[in-house]
Structure formats: C-alpha cells, structure tokens
1. Just to make sure I understand: if all protein chains stay in place, what is the order of T104, T13, T162 by accessible area at 1.4 Å, largest first?
2. Choose one of M120, T89, G3: the residue whose Cα lies farthest towards the positive end of the charge dipole of the chain (beta-carbon charges +1 Lys, Arg; -1 Asp, Glu; about the Cα centre).
3. With every protein chain in place, what's the accessible area of T101 (1.4 Å probe, Å², nearest 10)?
4. Given a 1.4 Å probe and every protein chain left where it sits, what share in percent of the accessible area of segment 1-163 is carbon and sulfur?
5. Given Cα pairs under 8 Å that are at least 6 residues apart, what percent is the relative contact order of segment 16-82?
6. With contacts defined as alpha carbon pairs under 8 Å and 6 or more residues apart, what's the relative contact order of the chain in percent?
7. Over all distinct alpha-carbon pairs, what is the Kirkwood Rh of segment 1-94 in angstrom?
8. Of L134, V80, L41, which is farthest towards the positive pole of segment 1-163's charge dipole, taken about the Cα centre with +1 and -1 on the beta-carbons of Lys, Arg and Asp, Glu respectively?
Amino acid sequence: VLGLSAYGYGSLTALLVLYLSEERVGGENLGLAVFAAAFLLTRSVGSPLVDRHGGLAVARVVLVVEAAGLVLLAAAPGEVVALLATAVTGVGIGLIYPAATSVTLHRTGALGPGVAVGAMTSFWDLGILVAGPLGGLVAAELGYRPAFGLAAALAVLAFGVTYAVAPQVLPVMRS
C-alpha cells in the first residue's frame with residue numbers, strides 16, 4: 001500500500017514542474033511549495049486522526065484523496081486548478097505514512113516493530129525510486145497527463161489492497 005502511494009509522491013515531485021512549464025499550465029514557480037505546504041500541514045495537524053480513527057480507515061480516505069488530486073492534476077486546464085490539485089494530492093499523501101505505520105505496528109505488535117517499520121519504509125523508498133524513471137518514460141511516450149493518471153490508478157490500487165490486508169489488522173486500542 002505504501003509503495004503504491006509513494007509512486008504518486010515520486011511522480012508528482014519528479015514531473016510537476018516540468019508538466020506545469022512544458023504544458024504551459026502555469027504555476028511552475030509555486031507547484032512544489034504548494035505541495036510541500038499541504039503535505040506538511042496535513043501531516044502535522046492530521047496525524048492525531050490516525051490514533052483516533054485507526055490507520056486503516058485513515059489510509060483508505062487519504063488514498064482516495066491522493067487519487068482524486070492526481071486525476072484533477074492530469075485534467076487541469078490551467079494554473080489555479082493545477083495548484084489546487086497539487087494541494088489536494090499533498091493532503092492525500094501527507095497522512096499515508098503515519099496511517100501505514102499504524103497498520104504495520106498493529107499487525108506486528110511487540111514482535112519486531114523495528115524490522116516491520118523498516119520493511120514498510122523500504123516500500124515507500126521503492127515506490128519513489130520507480131516513479132521517477134517510469135513516470136518519466138510514460139511522460140516522454142504518452143505525455144504528462146497519462147503519467148499522473150498512472151499514479152492515480154496506483155493510488156486506487158493501493159486503496160483496493162487495504163481490503164486485502166483488513167482481516168489481518170488488529171483492532172485499534174483506545175485509551
């Protein structure tokens with residue numbers, strides 16, 4: 001789930017400025033700053049939602065938000081919509097790591113949380129690693145819009161995967 005979501009992060013950070021500039025959408029000077037602001041604000045303000053509602057529930061919501069942002073970005077007719085889509089994508093990606101960490105820790109309990117989080121983080125890194133070259137190849141062959149469309153499709157796939165792991169997730173412990 002985390003690797004598929006990270007693909008969207010990697011695609012956005014690798015291709016956004018080029019897309020906004022080369023497609024004459026506009027906002028290339030602000031795009032990454034808008035993404036970073038939305039990502040960081042969501043991460044800092046929204047992280048308690050993971051504790052309150054559980055990692056799986058939050059992951060499902062933010063994966064839909066990420067996918068919606070990427071679809072909107074792929075279809076953006078101009079600068080304002082593109083920057084809004086970038087912010088929406090940042091909101092979606094901002095909470096996936098804390099949500100996935102929560103799910104991972106609930107699955108492993110006390111049986112090796114360091115190894116589990118390390119493995120989980122490797123999938124995040126792998127998603128970003130693959131996104132740059134693959135997203136660039138898709139953009140070169142088909143255009144930037146299909147490259148963001150692929151990232152959105154992978155976020156939707158990650159959403160589906162959350163249902164495959166759901167029976168194995170332990171209930172959220174509330175104090």
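1. T13, T104, T162
2. M120
3. Its heavy atoms expose roughly 30 Å² to the probe.
4. Of the solvent-accessible surface of segment 1-163, carbon and sulfur hold 72 percent.
5. 38
6. 39
7. Result for segment 1-94 stands at 13.2 Å.
8. L41
The values are calculated or read from the model by the stated rules, or taken from the named source; none is laboratory data. This structure is a prediction, so every number in the text was calculated from the model and none was measured. No Cβ is skipped: glycine too gets one built from the backbone with ideal geometry, and neighbour counts run over all protein chains shown. Each accessible area value is taken on the protein alone, full model and side chains, heavy atoms only, with ligands, DNA and RNA left out. Shrake-Rupley method; radii C 1.70, N 1.55, O 1.52, S 1.80 Å.
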